[in-house]
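Structure, as structure tokens:
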Amino acid sequence: MESLESRWRRLRGSRPGQMESPPSPGEGIRLWEESLPLFAWHGALPLEAWRTAPRGAVATLAGHPDWLDIPPEGVLFLDTETTGLAGGAGTMIFLIGFARIEGEALVFRQLFLADPAVEPVFWRAFLALTHGVQGLVTFNGRGFDLPLIEMRLAIQRLRWPGLSVPHWDLLPTARRLWRRRLPSRALAALEEAVLGLERSPDDVPGHEIPSRYWSYLQTRNPDLLEGVFLHNRQDVLSMVILAARLAHLFETPELDPAVQGWDWVQLGRWYQDSGRWEAAERAFRRALEEGGEDPELRRAAWHALGTLLRRMGRLEEAARIWQEWAMELPDEVLPAARLARYYERVRRDPIEARRWAEIALERIDLQANPERWWSLRESLMRRMARLGNALWGD
């Protein structure tokens, strides 16, 4: 890899039309730029995967319908490195990495604040380099990067239009999809588990980055920052591939080998919330197929699928799911209670309804904390009384 000092000797402000006043090394900021062909791979996918990502899936995952109208070339991927990890008025941003598609390449840039005294120049350069952004993608940007950018710009009495465009923070998306299967949803963990990537030994852990910068300001030794630049570059490129993978996965999960087990339940819930009930049903059934010997996963899939079928008005199918659930997991209360309700209200079969109500009550008594089921017990007892009257014709 080219050394930081060698980079700086080649630094240029920008190409024509990108910046009004290109920064020079003497102004205390540095700009690194590289153009990556879209056919280049980063982990398990080529960079081209972002350009072909289904926009409807992006809009759903990002939670903003305007993403339907944002072309891939209008999207900026952004990550910052700062002098502190907690944020606050005393925290400065000294490095911003950002990338977007330009022509047949993904152009990646890093803007580095080599001298905090020229922070206003740093921010004016950033505004010029990111002109025309229509959509923004970050990883934990909503909670960290964007508030800090807004604060530092406010200090300089500057405004960045990028703070007002539709924003997709990938961290909440990753948490929602993989929280039940993956022990960590940190970007480095997702790289290994989902993107087929491993961090370089030269990568600097995030918690070391602030101290590296402070040491650099004291010593002006650029070797201290080479790993920081590498860390930031990896973060930005991984966000591009993660966004692409999430969008393609959401649209056609059956084609993605990364989807397994609990992912199907989480996807199904997302489809259901989005009104895609047929896709939700397929996902829940796939979760049951892959549930194997995991009773917690099968319980979640039965619960979700039965509820979905009931909402769709397919009550007989829902009853079959509840019965399968109740028979396979003989300690479960909910499927028995739902079958009691089904046979009373839908099938008008008091004998079968009473049988399932009795089973549900017996299972409540076997629970470790039966008091948790007090409300359901009262409902079942009332149902038993009604059913008893019906059996005797009262």
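Worth pointing out:
- If you sort THR60, THR80, THR219 by accessible surface, 1.4 Å probe, largest first, the order is THR219, THR60, THR80.
- Karplus 3J(HN,Hα) series, Hz, for the range 279-294 with 6.51 cos²θ - 1.76 cosθ + 1.60 (x for Gly, Pro): 5, 4, 4, 4, 5, 5, 5, 5, 4, 5, 4, 8, x, x, 9, 9
- Taking all Cα-Cα distances within the range 321-394, those exceeding 15 Å account for 49%.
- Cα-based helix-to-principal-axis angle, 262-273 vs the chain, degrees rounded to 10: 90
- Rg to Rh, two decimals, where the chain supplies the alpha carbon set and Rh follows Kirkwood: 1.14
- Among the trypsin sites (Lys or Arg not before Pro) within the range 287-356, those in coil by DSSP and having at most 15 neighbouring Cβ atoms inside 10 Å are ARG314, ARG347, ARG348.
- Residues of the range 223-249 with an amide N closer than 16 Å to a point placed 7 Å from the Cα of ASP273 along the Cα-to-Cβ direction: 247.
- Centroid-to-centroid separation of the range 137-212 and the range 358-386 [C-alpha atoms, Å]: 47
- Cα gyration tensor category, rounded, prolate or oblate, for the range 56-214 with a/c compared to 1.5: oblate
- With all protein chains modelled, accessible area of TRP373 [1.4 Å, Å²]: 40
- Here is how the number arises for the chain: DSSP H runs of 4 or more residues each give -39500 (n - 2.57), the sum is divided by the residue count, and the result at 222 nm is -15500 deg cm²/dmol.
- For the chain, the longest principal axis of the C-alpha atoms and the axis of helix 315-328 are separated by about 90°.
- Ranking MET239, MET327 from most to least accessible surface, computed with a 1.4 Å probe over the protein chains only, gives MET327, MET239.
The values are calculated or read from the model by the stated rules, or taken from the named source; none is laboratory data. Because the structure is predicted, anything quoted here is derived from the model rather than measured. Every residue, glycine among them, receives a Cβ derived from its backbone with ideal geometry; neighbour counts consider all protein chains shown. With ligands, DNA and RNA removed, areas are computed over all heavy atoms of the protein, side chains included. Shrake-Rupley method; radii C 1.70, N 1.55, O 1.52, S 1.80 Å.
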